[in-house]
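For reference, the structure is listed below as C-alpha coordinates.
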(Lines give C-alpha, C1' and ligand atoms only; values in the text may rest on other atoms or scores of the structure.)
Protein backbone atom coordinates (compact mmCIF):
# COMPACT_ATOMS: atom_id res chain seq x y z
CA UNK A 1 0.00 0.00 0.00
CA UNK A 2 1.41 3.38 -1.02
CA UNK A 3 2.04 6.06 1.58
CA UNK A 4 -0.58 8.87 1.57
CA UNK A 5 0.46 12.04 -0.28
CA UNK A 6 0.37 15.31 1.66
CA UNK A 7 -1.68 17.85 -0.34
CA UNK A 8 -1.98 20.68 2.19
CA UNK A 9 -0.48 21.24 5.62
CA UNK A 10 -1.32 24.21 7.81
CA UNK A 11 -0.48 25.11 11.38
CA UNK A 12 -2.04 27.01 14.22
CA UNK A 13 -1.54 27.51 17.92
CA UNK A 14 -0.89 24.11 19.44
CA UNK A 15 -1.37 21.91 16.40
CA UNK A 16 -1.59 21.27 12.69
CA UNK A 17 -4.07 20.22 10.02
CA UNK A 18 -3.16 18.03 7.02
CA UNK A 19 -5.06 16.97 3.92
CA UNK A 20 -3.95 13.70 2.30
CA UNK A 21 -4.57 11.86 -0.93
CA UNK A 22 -4.74 8.09 -0.51
CA UNK A 23 -5.35 5.18 -2.89
CA UNK A 24 -9.02 5.19 -1.89
CA UNK A 25 -9.72 8.93 -1.75
CA UNK A 26 -8.99 12.01 0.35
CA UNK A 27 -8.86 12.51 4.08
CA UNK A 28 -7.70 15.16 6.55
CA UNK A 29 -6.39 14.83 10.08
CA UNK A 30 -5.60 17.09 13.02
CA UNK A 31 -2.67 16.90 15.40
CA UNK A 32 -2.92 18.90 18.61
CA UNK A 33 -0.13 17.13 20.48
CA UNK A 34 0.99 20.39 22.10
CA UNK A 35 -2.02 20.03 24.40
CA UNK A 36 -0.41 16.96 25.98
CA UNK A 37 2.03 19.27 27.76
CA UNK A 38 -0.79 21.45 29.08
CA UNK A 39 -3.44 18.92 30.11
CA UNK A 40 -2.28 15.87 32.06
CA UNK A 41 -5.46 13.85 31.56
CA UNK A 42 -5.11 13.72 27.75
CA UNK A 43 -3.71 10.75 25.85
CA UNK A 44 -2.11 10.77 22.36
CA UNK A 45 -5.38 9.40 20.96
CA UNK A 46 -7.26 12.40 22.36
CA UNK A 47 -5.27 14.93 20.38
CA UNK A 48 -5.40 13.23 16.98
CA UNK A 49 -8.51 13.04 14.82
CA UNK A 50 -9.15 11.84 11.28
CA UNK A 51 -12.05 12.71 9.00
CA UNK A 52 -14.14 10.33 6.98
CA UNK A 53 -12.84 9.29 3.56
CA UNK A 54 -13.97 11.62 0.76
CA UNK A 55 -14.21 10.68 -2.94
CA UNK A 56 -12.85 14.01 -4.21
CA UNK A 57 -10.54 16.85 -3.27
CA UNK A 58 -13.37 19.40 -3.59
CA UNK A 59 -15.57 17.65 -1.03
CA UNK A 60 -12.63 17.26 1.34
CA UNK A 61 -11.76 20.97 1.16
CA UNK A 62 -15.43 21.93 1.62
CA UNK A 63 -15.57 19.86 4.80
CA UNK A 64 -12.29 21.36 6.07
CA UNK A 65 -13.42 24.92 5.35
CA UNK A 66 -16.70 24.26 7.16
CA UNK A 67 -14.95 22.97 10.30
CA UNK A 68 -11.74 25.04 10.44
CA UNK A 69 -10.57 28.60 9.54
CA UNK A 70 -8.17 27.06 7.00
CA UNK A 71 -7.05 30.25 5.23
CA UNK A 72 -6.66 32.17 8.47
CA UNK A 73 -4.09 29.65 9.70
CA UNK A 74 -0.39 29.49 8.90
CA UNK A 75 0.41 27.56 5.68
CA UNK A 76 3.30 25.10 5.82
CA UNK A 77 3.07 23.12 2.58
CA UNK A 78 1.00 23.05 -0.63
CA UNK A 79 1.50 20.22 -3.13
CA UNK A 80 2.56 21.63 -6.53
CA UNK A 81 -0.21 19.76 -8.38
CA UNK A 82 -2.87 21.46 -6.25
CA UNK A 83 -1.47 25.02 -6.13
CA UNK A 84 -3.88 26.32 -8.79
CA UNK A 85 -7.11 25.12 -7.22
CA UNK A 86 -6.07 26.04 -3.66
CA UNK A 87 -4.97 29.51 -4.85
CA UNK A 88 -8.40 30.02 -6.42
CA UNK A 89 -10.15 29.00 -3.19
CA UNK A 90 -7.85 31.24 -1.13
CA UNK A 91 -8.54 34.29 -3.29
CA UNK A 92 -12.29 33.70 -3.21
CA UNK A 93 -12.13 33.34 0.58
CA UNK A 94 -10.38 36.70 0.90
CA UNK A 95 -12.89 38.39 -1.40
CA UNK A 96 -15.88 37.01 0.49
CA UNK A 97 -14.59 37.58 4.01
CA UNK A 98 -12.22 40.50 3.41
CA UNK A 99 -9.73 38.87 5.75
CA UNK A 100 -6.32 40.31 6.53
CA UNK A 101 -3.61 37.81 7.46
CA UNK A 102 -0.89 39.77 9.28
CA UNK A 103 1.24 36.71 10.03
CA UNK A 104 0.26 34.17 7.36
CA UNK A 105 -0.38 36.22 4.22
CA UNK A 106 3.22 36.25 3.03
CA UNK A 107 3.52 32.47 3.39
CA UNK A 108 0.26 31.88 1.54
CA UNK A 109 1.46 34.19 -1.21
CA UNK A 110 4.81 32.47 -1.58
CA UNK A 111 3.39 28.94 -1.50
CA UNK A 112 0.64 29.78 -3.99
CA UNK A 113 2.92 31.76 -6.34
CA UNK A 114 6.03 29.56 -6.62
CA UNK A 115 6.95 30.98 -10.03
CA UNK A 116 7.16 34.57 -8.79
CA UNK A 117 10.67 35.90 -8.48
CA UNK A 118 11.84 37.10 -5.07
CA UNK A 119 12.02 40.76 -6.06
CA UNK A 120 8.46 40.58 -7.43
CA UNK A 121 7.25 38.99 -4.20
CA UNK A 122 8.81 41.77 -2.16
CA UNK A 123 7.22 44.41 -4.39
CA UNK A 124 3.77 42.83 -4.31
CA UNK A 125 3.93 42.36 -0.53
CA UNK A 126 5.17 45.87 0.12
CA UNK A 127 3.95 47.46 3.33
CA UNK A 128 3.09 51.10 2.79
CA UNK A 129 3.53 53.64 5.56
CA UNK A 130 0.19 55.27 4.82
CA UNK A 131 -2.76 53.40 6.35
CA UNK A 132 -4.98 54.59 3.49
CA UNK A 133 -2.61 53.20 0.84
CA UNK A 134 -2.28 49.93 2.74
CA UNK A 135 -6.06 49.60 2.57
CA UNK A 136 -5.89 50.11 -1.21
CA UNK A 137 -3.21 47.41 -1.39
CA UNK A 138 -5.41 44.93 0.46
CA UNK A 139 -8.39 45.68 -1.79
CA UNK A 140 -6.25 45.29 -4.90
CA UNK A 141 -5.01 41.86 -3.75
CA UNK A 142 -8.60 40.63 -3.36
CA UNK A 143 -9.35 41.21 -7.07
CA UNK A 144 -9.05 38.06 -9.17
CA UNK A 145 -9.22 39.26 -12.76
CA UNK A 146 -7.20 41.80 -14.75
CA UNK A 147 -10.27 43.84 -15.91
CA UNK A 148 -11.37 44.25 -12.27
CA UNK A 149 -7.89 45.43 -11.32
CA UNK A 150 -7.69 47.88 -14.22
CA UNK A 151 -11.09 49.43 -13.43
CA UNK A 152 -10.12 49.74 -9.78
CA UNK A 153 -6.84 51.48 -10.64
CA UNK A 154 -8.53 53.86 -13.09
CA UNK A 155 -11.01 54.88 -10.40
CA UNK A 156 -8.13 55.47 -7.99
CA UNK A 157 -6.23 57.50 -10.58
CA UNK A 158 -9.23 59.75 -11.28
CA UNK A 159 -9.74 60.18 -7.54
CA UNK A 160 -6.05 61.03 -7.16
CA UNK A 161 -6.21 63.72 -9.84
CA UNK A 162 -9.34 65.18 -8.26
CA UNK A 163 -8.45 65.06 -4.57
CA UNK A 164 -4.74 64.38 -4.16
CA UNK A 165 -2.97 66.59 -6.68
CA UNK A 166 -3.66 69.76 -4.71
CA UNK A 167 -0.58 71.85 -4.27
CA UNK A 168 1.09 70.62 -7.45
CA UNK A 169 0.06 73.69 -9.39
CA UNK A 170 -1.13 76.08 -6.70
CA UNK A 171 2.01 76.85 -4.72
CA UNK A 172 0.00 78.75 -2.12
CA UNK A 173 -1.34 75.43 -0.82
CA UNK A 174 0.79 74.20 2.05
CA UNK A 175 0.91 70.47 2.69
CA UNK A 176 2.09 68.72 5.81
CA UNK A 177 4.83 66.09 5.62
CA UNK A 178 2.17 63.43 6.25
CA UNK A 179 0.02 64.67 3.35
CA UNK A 180 3.02 64.81 1.04
CA UNK A 181 4.02 61.27 2.00
CA UNK A 182 0.54 59.88 1.41
CA UNK A 183 0.29 61.60 -1.98
CA UNK A 184 3.70 60.20 -2.95
CA UNK A 185 2.73 56.69 -1.86
CA UNK A 186 -0.60 56.85 -3.72
CA UNK A 187 1.16 57.68 -6.96
CA UNK A 188 3.83 55.03 -6.36
CA UNK A 189 1.08 52.51 -5.64
CA UNK A 190 -0.78 53.36 -8.85
CA UNK A 191 2.38 53.24 -10.97
CA UNK A 192 3.53 49.88 -9.58
CA UNK A 193 0.09 48.27 -9.80
CA UNK A 194 -0.53 49.41 -13.38
CA UNK A 195 2.84 47.82 -14.27
CA UNK A 196 1.91 44.65 -12.38
CA UNK A 197 -1.37 44.23 -14.28
CA UNK A 198 0.39 44.97 -17.57
CA UNK A 199 2.87 42.15 -16.89
CA UNK A 200 0.05 39.85 -15.84
CA UNK A 201 -1.70 40.41 -19.20
CA UNK A 202 1.52 39.95 -21.19
CA UNK A 203 2.33 36.65 -19.49
CA UNK A 204 -1.03 35.05 -20.21
Checked region 149-164 for anything surrounded by 14 or more Cβ atoms within 10 Å (Cβ to Cβ) and modelled with pLDDT of 85 or more; matches are 149, 150, 152, 153, 156, 157
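Condition test on residue 182, is it at pLDDT 85 or above, closer than 30 Å to residue 96 by Cα and either part of a loop (DSSP other than H, G, I, E, B) or out of contact with any strand residue (DSSP E or B) (no Cβ under 6 Å at 6 or more places or on another chain) (or both)?
Working: at pLDDT 85 or above: no; closer than 30 Å to residue 96 by Cα: yes; either part of a loop (DSSP other than H, G, I, E, B) or out of contact with any strand residue (DSSP E or B) (no Cβ under 6 Å at 6 or more places or on another chain) (or both): yes.
In short, no.
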When every residue in region 97-115 that is modelled with pLDDT under 70 and exposed (fewer than 15 other Cβ atoms within 10 Å of the Cβ) is compared, the one nearest to residue 146 (Cα to Cα) is 98
If we keep only residues of region 126-148 that are over 16 Å from residue 180 (Cα atoms) and not in a helix (DSSP H, G or I), then the residue modelled with the lowest pLDDT is 126
Those strands (runs of 3 or more DSSP E) completely within region 1-93 that have 2 or more residues that are modelled with pLDDT of 80 or more, closer than 25 Å to residue 105 by Cα and out of contact with any strand residue (DSSP E or B) (no Cβ under 8 Å at 6 or more places or on another chain) are none
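The values are calculated or read from the model by the stated rules, or taken from the named source; none is laboratory data. Computed from a predicted structure; not experimentally measured. Cβ atoms come from the backbone with ideal geometry, glycine included; neighbour counts cover every protein chain shown.
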